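Only one structure is covered here, and it is reproduced in the block below.
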Amino acid sequence: MKVLITGATGFVGRYVINELLRYEHNVIATSRDQDKASKFGWFSQVQYIPCDLNVVQADFFQFFQQPDLLIHLAWEGLPNYNDLFHLEKNLFPNYRFLKNMLEHGLKDLVVTGTCFEYGMQSGALSEDMETSPDNPYGLAKDTLRKFLEQLQRKIDFDSKWIRLFYMYGKGQSPNAILAQLDKTLENGETTFNMSGGGQLRDYLPIEKVAEYIVKIAMQNKVLGIINCCSGKPISIRKLVENYLRVKQKSIHLNLGYYPYPDYEPMAFWGDDKKLKMALDDSV
């Protein structure tokens, strides 16, 4: 199978490519920066085509050599979720690119969304819930999904919309809590400042996220929105404590130093029933 990956050098993209190569798929990878891409171990094992997706091509499908499947991970401006850039600069170029691919022959599309599409709803979040995004990033992703649903009324294609929850691992944003913890430990500091740690979230290691994305993409029995999640809530404090235990490190946690974020509810996690169905049907 010929698989095109956009956002190849991003946090998720680099791991998804490695996972795809385990299955010996013919991988076409794209991003804007070939120099950056060339530094990854997978570079020599894929066909790399540099491209700025904001620059319109007459036929993106032909330009990318008619892939059987597109896994669209490209999205700029993260992790600044509250920037209007997502609506003003990201939304329409992403839609134009995907529409162009579909109009010219793409039949199988996978796009990553976000748990922020659910907005300020609490508890276990399932795919059949109404969306109510509360930040520009969530709103832009949710709108893109709705655009694609309308497009599907005119063009026949299989669509899987993978809602990502929280993830961690090498290469993550330096603003992520575990990345900040690593930096604090590396600096030899004795105290780690954090919030009260009582928030309940849904976390997966990035390697598991990549595995799930590929397995969801490789099956076509479970379509539509699929949560990519653990299905198990964990407090931020417990997450940090578990991480320290695994790394065999110790540091004083200065709980309550930062206020709780106001752009997400105190407790939410993903319902993974549909994910399990997709994984059961994957090859």
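If you check S31, S38, S44 for being at pLDDT 95 or above and either touching a Pro at 6+ places or on another chain (Cβ under 9 Å) or among the basic types (K, R) (or both), only one passes: S31.
For the range 239-260, the set of residues classified as of a type outside the set (V, I, T) and either under 30 Å from V110 (Cα atoms) or free of Cβ contacts under 8 Å to residues at least 40 places away in the same chain (or both) consists of L239, E241, N242, R245, Q248, S250, listed by residue number. Close contacts from the range 41-68, counting a first residue that is within 10 Å of I28 (Cβ to Cβ) and assigned by TED's automatic domain parsing to the domain that holds K89 and a second that is small (G, A, S) and surrounded by 15 or more Cβ atoms within 10 Å (Cβ to Cβ), with Cβ to Cβ under 6 Å and a gap of 6+ residues or different chains, come to V46/A29; Y48/A29; Y48/A37. Of all the numbered requirements in (1) assigned by TED's automatic domain parsing to the domain that holds G13; (2) touching an Asp or Glu at 6+ places or on another chain (Cβ under 8 Å), I216 misses one, and that requirement is (2).
Taken over the range 216-271, the criterion of being more than 22 Å from Y81 (Cβ to Cβ), hydroxyl-bearing (S, T, Y) and part of a loop (DSSP other than H, G, I, E, B) is satisfied by S250 alone. Any chance the range 155-170 includes a residue that's of a type in the set (G, A, S), touching a Gly at 6+ places or on another chain (Cβ under 8 Å) and without any contact (Cβ under 8 Å) to a residue 40 or more places away in the chain? Looking for residues that are of a type in the set (G, A, S), touching a Gly at 6+ places or on another chain (Cβ under 8 Å) and without any contact (Cβ under 8 Å) to a residue 40 or more places away in the chain, one finds none in the range 155-170, hence no. Within the range 137-144, none of the residues are assigned to a loop (DSSP other than H, G, I, E, B) and either surrounded by 16 or more Cβ atoms within 10 Å (Cβ to Cβ) or without any contact (Cβ under 8 Å) to a residue 40 or more places away in the chain (or both).
The values are calculated or read from the model by the stated rules, or taken from the named source; none is laboratory data. Worth saying up front: this structure is predicted, and the values here are computed from it rather than measured. All Cβ positions, even for glycine, are placed from backbone atoms using ideal geometry, and neighbour counts span all protein chains on display.
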